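The values are calculated or read from the model by the stated rules, or taken from the named source; none is laboratory data. Please read these numbers as outputs of a predicted model, since none were measured by experiment. In this analysis, Cβ positions are derived from the backbone assuming ideal geometry, glycine residues included, and neighbour counts consider all displayed protein chains. To get the accessible areas, we keep the full protein, side chains included, count just its heavy atoms, and leave off ligands, DNA and RNA. Shrake-Rupley method; radii C 1.70, N 1.55, O 1.52, S 1.80 Å.
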Number of protein chains: 2
Amino acid sequence: MMAIGFKSSCRQGGIMSSSNDSCQKFTREEMVGPEVLEESGEKMSKKAAKKRAATLKKRLYRKKEREEATSSSSSLTEDESFSSNYGDVTPKSAAGRSWREAVEGKELTDVSNLVEEIVGSEVSLRGRVHNHRLVAKILFVILRESGFTVQCVVEEARVGTSMLNFVKQLSHESVVELIGLVSLPKKPLTATSQQVEIHVTKMYCLSRSLPNLPLAVVDAARSEADIEKSVKDGKPAARVLQDTRLNNRPLDLRTPANQALFRIQCHVQIAFREFLLSKGFLEIHTPKLMAGSSEGGSAVFRLDYKGQPACLAQSPQLHKQMAICGDMRRVFEVGPVFRAEDSFTHRHLCEFVGLDVEMEIRMHYSEIMDLVGDLFPFIFTKIEERCPKELESVRRQYPFHSLKFLPQTLRLTFAEGIQMLKEAGEEVDPLGDLNTESEKKLGQLVLEKYKTEFYMLHRYPSAVRPFYTMPCEDDSNYSNSFDVFIRGEEIISGAQRIHDPELLEKRARECGIDVKTISTYIDAFRYGAPPHGGFGAGLERVVMLLCALNNIRKTSLFPRDPKRLAP
Amino acid sequence: MMAIGFKSSCRQGGIMSSSNDSCQKFTREEMVGPEVLEESGEKMSKKAAKKRAATLKKRLYRKKEREEATSSSSSLTEDESFSSNYGDVTPKSAAGRSWREAVEGKELTDVSNLVEEIVGSEVSLRGRVHNHRLVAKILFVILRESGFTVQCVVEEARVGTSMLNFVKQLSHESVVELIGLVSLPKKPLTATSQQVEIHVTKMYCLSRSLPNLPLAVVDAARSEADIEKSVKDGKPAARVLQDTRLNNRPLDLRTPANQALFRIQCHVQIAFREFLLSKGFLEIHTPKLMAGSSEGGSAVFRLDYKGQPACLAQSPQLHKQMAICGDMRRVFEVGPVFRAEDSFTHRHLCEFVGLDVEMEIRMHYSEIMDLVGDLFPFIFTKIEERCPKELESVRRQYPFHSLKFLPQTLRLTFAEGIQMLKEAGEEVDPLGDLNTESEKKLGQLVLEKYKTEFYMLHRYPSAVRPFYTMPCEDDSNYSNSFDVFIRGEEIISGAQRIHDPELLEKRARECGIDVKTISTYIDAFRYGAPPHGGFGAGLERVVMLLCALNNIRKTSLFPRDPKRLAP
């Protein structure tokens, strides 16, 4: 298995090495106390022992805390003695030197790894000031890192007045590094993802944020349900609008849901590649700059290429087919696709990441459907297995149910789909395309009848497919083509391609394409071409529909639509 | 481990299942003969037994051949009895039906899997007519598939005159499917990659190529040494020029060296991802369409984006940094990069595949160099391990020695590099950049002194690095930056970036950049930014230098340079 390990990240080993290197160490007797040792014997369950150890560690730790607080208060008159414990790290600042000395050799611990088991350890953390709140002479700072949060306690009695004031005036979203002791809070925490708290001894600021931000990450992370509740409670919370989010994407990306979505996106690609490489596919890269237009469509971005008219590829279609003509047999590509369409829908972008596949076929286009029918359930299963925390983070802000799919992907012919719609009283053209509404309706009917939200429709009418689609052998009104749907929305389009150059040229002409502009493409088939086909999907759309989100802009890192070209 | 398996491709299991399903089966006695069984006993080594079995199988097979030839010659008067054994497969042709019936349920065998161990089996093969030659009434057809070749024997006595004539007039590069018996040739074969031959019983043509091709694959596959030898021998062989190759790339891609190069390229990416994912990196996709220019350079492709001036990203630099500001911590991207430079060198393209990395750093830019120093040797090692056949295929046409690199990547400061050049009598500006010639020279000096062709040069003069490069803390004339070299050519450029917005703005202005055009980029740092850095490499250049090729166009599937926009 390929190592995935977002959890075993750069900071891996951090906890263990820091707890070994620098945390206070307790003997077993110190930890549990003699009276407990006596009553426990060797039969105590592992879990119970762990729990008891934690409780007693906590008791012991509280005692240590009290002692330390007393001893440090005696020197509080000399506030300068704490001056090396905090400050702004800049290249030549004293705080920069102090920070270096303090953290040298100490690994950072991931906030997500701050758990009860390491209570008593000293840890170094890096993250952002998510929020803070002063209660009496204690400052509670919520530190956030990669979407996880932990409560950090800064006590004046422990760190001195100057350091408390330094921390207090750090603006939200500033990047800080701190050293502190992991301890158990007096009561369960509701505002943080982690159930331990950190008693801070040192804190340095690596980068200050502006005090007034265009959006607050806490607001951007709020679910619709929480907003509605706040309105009912008479204390309406802020709702961050989509454009505000996208205009300030580096801030918006910091919410737990967004942190999770782009990890899920990465894992969709990992599973996509893993499956295809195991089936003998080769990953290729086709050019995005080309003469002519990829598929004869009008919605292309045009540009001047050193004096030649050029355009951006609307799909890798022509080149992935040429790769097949170049004997590459089975290829795939993950790369940008450009569409200059004026679509302001929830599911269109002007630039998206295409997941494209092309393969030789032996006898029938069903071989391509076999592959799709195995590939996508593989991806869905891997995401459930590998991203449970991420799915949970998305759900907290955008609740959704897991996709229902069958072990053997359902296949219906287009005609069968039309029949189902007709029987349900829908008016549909049997040789036309399905509109978005009919697709949604059919999705409902299929879910009711077959209990799946993932299925294929094949043998589409030739008239609604691109010129290069192979007509059915028995009826040229239909074609060797298919679409795949998730939750009632089209996600994949695929087909067998025409590999006979004469037929290809004829079909191009019938579709009004200037054959000269695609002559190198058609020529590729004159040099001998095996029967082949393939399909394409959009990565952003896969993630959107997997998580049942309402807008594709949520799953594009920096989305491009007809109005949006920045950031 | 991730499954790589180009070998265990779509046709996997083909050999075993076809030999089980449909080949002539021999009992052990039939195969070895009673007298041999007697003399062999149970002590014969496995290898010897195998060899003997093959020899005897061959003997038996020849006998069967003779019998079959005799029996078929008796019915040769009725040539029609063979008519279902060959023909052009078109949707409604009789040959199409015959082909379907003949191959139904029979897996294809990869040509590379045709080895002595399966002599006697019946196999189905798909490939191209690479060459043919008629000797008396026997036609020798070389079948090629994925760069591997096998000799196929079509005997008139076995298949009839009409089928022989059908096969004889198939043009080179036509795609055929055939059924035949694997046998041992009478003498070793020099013209094919495989050392068995196929006695053909059925052959169907799936796609005919034009009889006159713009280039012959045999010519395109010839090494320079072979061409020189042919000249010396007074029979000069054709040399296919680069432009002819690139104009007809689907044909050119079929040579064994090209088949291998794009597998190696795929494996470079696999190893790149594998390493980074294991270190907690996240794969992202940044937009290629953007307002302004990526790095303030002049060599950008400009276009109209729905009425707004736009350009194609010259690198994912700004967006990968914004991803870091969005708390993604460690990211990488594999995607197209566009440079409108007028470079006609052997190492520049107008569009290439960027391998880009960006990461938070803890204390020092050396952390980025640590990563690079481990990542690339990991890639080199994996390619050696996973692509031995591919490296061999490349070497046969373009001989090269394996890259020399150290287990611990060598690091020199720019000043040390300058010193080495000076000592060797080169004149170089200590605060300027190295030109290509000086880089080559330094590569030689490093190889002589340190025995490595892979090393890093760091602490470059600030004046020769982009505006966003972090200056050195101790001397702002130098920067926290590095370049990496393979065989004396620059392959990677990396640095720590400025994360302080004020310093960034100041440096942008000093470099003559209109700060307004990059305001969303600079703003990202005003919302708190961790120290970070990264690097970029070009996939095509990595493969070119790994295989010591002389031109980057060889490692781009469909290269784009100032004159080339097609195919």
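If we only count strands (runs of 3 or more DSSP E) wholly inside the range A:317-417, which ones have 2 or more residues that are under 23 Å from the mean Cα position of the chain (by Cα)?
Values: elements: A:330-338, A:351-360, A:410-413.
Fully inside the range A:317-417 and qualifying: A:330-338, A:351-360.
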Revision key, fill the gap. Out of (1) touching a strand residue (DSSP E or B) at 6+ places or on another chain (Cβ under 9 Å); (2) more than 9 Å from every other protein chain (Cβ to nearest Cβ); (3) over 23 Å from A:Cys266 (Cβ atoms); (4) modelled with pLDDT of 95 or more, the one A:Ser343 does not meet is (4)
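Can you tell me which of B:Leu277, B:Leu246 is surrounded by fewer than 21 Cβ atoms within 10 Å (Cβ to Cβ), in contact with a strand residue (DSSP E or B) (Cβ under 9 Å, 6 or more places away or on another chain), modelled with pLDDT of 95 or more and aliphatic (A, V, I, L, M)?
Details: B:Leu277 fails: surrounded by fewer than 21 Cβ atoms within 10 Å (Cβ to Cβ).
Only one candidate qualifies: B:Leu246.
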Review point. So which residues in the range B:163-187 are small (Gly, Ala, Ser), more than 14 Å from every other protein chain (Cβ to nearest Cβ) and within 14 Å of B:Tyr86 (Cβ to Cβ), if there are any at all?
Key: B:Gly180
Review point. Mind checking whether some residue in the range B:471-482 is in contact (Cβ under 8 Å) with a residue 24 or more places away in the chain, more than 14 Å from every other protein chain (Cβ to nearest Cβ) and more than 39 Å from the chain's Cα centre (by Cα)?
Key: yes
Review point. Can you name the number of the only condition in (1) touching a strand residue (DSSP E or B) at 6+ places or on another chain (Cβ under 7 Å); (2) more than 14 Å from chain A (Cβ to nearest Cβ) that B:Met544 fails?
Key: (1)
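Here are some residues: A:Leu246, A:Leu276. Which one is in a helix (DSSP H, G or I) and in the same structural domain as A:Val542 (by TED's automatic domain parsing)?
After ruling out the rest, the residue left standing is A:Leu276.
Can you tell me which residues in the range A:519-536 are open to solvent by less than 10 Å² (accessible area, probe 1.4 Å) and within 14 Å of chain B (Cβ to nearest Cβ)?
The answer is A:Tyr521, A:Ile522, A:Ala524, A:Phe525, A:Gly528, A:Ala529, A:Pro530, A:His532, A:Gly533, A:Gly534.
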Point to revise | Residue count, the range B:114-139 (criterion: buried (at least 20 other Cβ atoms within 10 Å of the Cβ) and of a type in the set (Asp, Glu)) | key: 1
**Study point:** Residue, nearest to B:Arg208 (Cα to Cα), within the range B:143-190, restricted to residues that are open to solvent by 20 Å² or more (accessible area, probe 1.4 Å) and in contact with a His (Cβ under 9 Å, 6 or more places away or on another chain)
**Key:** B:His172
Revision key, fill the gap. Apart from one, (1) open to solvent by 60 Å² or more (accessible area, probe 1.4 Å); (2) closer than 30 Å to B:Arg222 by Cα all hold for B:Gln419; the odd one out is (2)
Check your understanding: How many of the residues in the range A:432-446 are surrounded by fewer than 16 Cβ atoms within 10 Å (Cβ to Cβ) and farther than 17 Å from A:Ser493 by Cα?
Key -> 2
Exercise for review: Being closer than 24 Å to B:Ala221 by Cβ and either away from chain A (no Cβ under 11 Å) or open to solvent by 10 Å² or more (accessible area, probe 1.4 Å) (or both) narrows it down to one of B:Arg553, B:Arg487, B:Arg509, so name that one.
Suggested key: B:Arg553
Study note, to complete from the structure: Per the filter on the range B:491-503, residues open to solvent by 40 Å² or more (accessible area, probe 1.4 Å) and in contact (Cβ under 8 Å) with a residue 12 or more places away in the chain are B:Ser493, B:Asp500
Check your understanding: Can you tell which of A:Glu360, A:Glu390 is surrounded by 21 or more Cβ atoms within 10 Å (Cβ to Cβ) and either farther than 23 Å from A:His458 by Cβ or not assigned by TED's automatic domain parsing to the domain that holds A:Phe535 (or both)?
Key -> A:Glu390
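Tell me yes or no: at least one residue of the range B:317-328 is touching a helix residue (DSSP H, G or I) at 6+ places or on another chain (Cβ under 6 Å), polar (S, T, N, Q) and modelled with pLDDT of 95 or more. Before you say what the answer is, go through the steps one by one.
Within the range B:317-328, the subset touching a helix residue (DSSP H, G or I) at 6+ places or on another chain (Cβ under 6 Å) is B:318, B:322, B:325-326.
Next, only the ones that are polar (S, T, N, Q) stay: none.
Looking for residues that are touching a helix residue (DSSP H, G or I) at 6+ places or on another chain (Cβ under 6 Å), polar (S, T, N, Q) and modelled with pLDDT of 95 or more, one finds none in the range B:317-328, hence no.
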